[in-house]
Amino acid sequence: MKEINANPNVAFTTIPHGGNEHVKAKGIVQKSSKTIFDFAEQFIAKIPGYKDTIEYAGESLILFEIRFDTAVVTKDLHSIKTFKAITCHRIY
């Protein structure tokens with residue numbers, strides 16, 4: 001938390017599942033007002049074994065939110081587009 005409070009600027013790039021498809025953006029990170037329990041269903045649907053982790057260590061897990069204005073979406077080397085961000089909560 002000390003590092004994030006000192007410099008909340010972050011950048012991220014998703015990892016392609018195939019080809020060159022990915023998303024990248026720069027934004028600001030902050031500790032979420034939500035908890036892991038607010039999104040437990042989504043985490044467990046994605047990774048069933050995470051149920052045990054949430055039950056065992058859920059009180060210790062901290063969620064962070066990244067807010068960004070635009071994201072660059074690359075479908076392939078010829079299809080790259082910048083999109084304006086909208087507000088949403090999505091768990092991957």
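The values are calculated or read from the model by the stated rules, or taken from the named source; none is laboratory data. Please read these numbers as outputs of a predicted model, since none were measured by experiment. With ideal geometry, Cβ positions are generated from the backbone for all residues, glycine too; neighbour counts draw on all protein chains shown.
Numbers for the structure displayed
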| read-out | value |
| --- | --- |
| Unique match (being surrounded by 12 or more Cβ atoms within 10 Å (Cβ to Cβ) and at pLDDT below 95) among I86, I4 | I4 |
| Those residues of segment 63-78 which are more than 16 Å from T14 (Cα to Cα) and assigned to a strand (DSSP E or B), in sequence order | F64 |
| Segment 1-13 - residue that is in a loop (DSSP other than H, G, I, E, B) and touching a residue at least 12 places away in the same chain (Cβ under 8 Å) and, of those, farthest from S60 (Cα to Cα) | P8 |
| The listed residue being surrounded by 14 or more Cβ atoms within 10 Å (Cβ to Cβ) and out of contact with any Phe, Trp or Tyr (no Cβ under 8 Å at 6 or more places or on another chain), out of T13, T74 | T74 |
| When residues of segment 39-62 are limited to those that are part of a helix (DSSP H, G or I) and in contact with a Lys or Arg (Cβ under 9 Å, 6 or more places away or on another chain), the one surrounded by the most Cβ atoms within 10 Å (Cβ to Cβ) | F43 |
| Among (1) surrounded by fewer than 11 Cβ atoms within 10 Å (Cβ to Cβ); (2) modelled with pLDDT of 95 or more; (3) of a type outside the set (D, E) - the single one G19 does not satisfy | (2) |
| Residue that is within 15 Å of the chain's Cα centre (by Cα), in a strand (DSSP E or B) and of a type in the set (K, R), where the choices are K26, K34 | K26 |
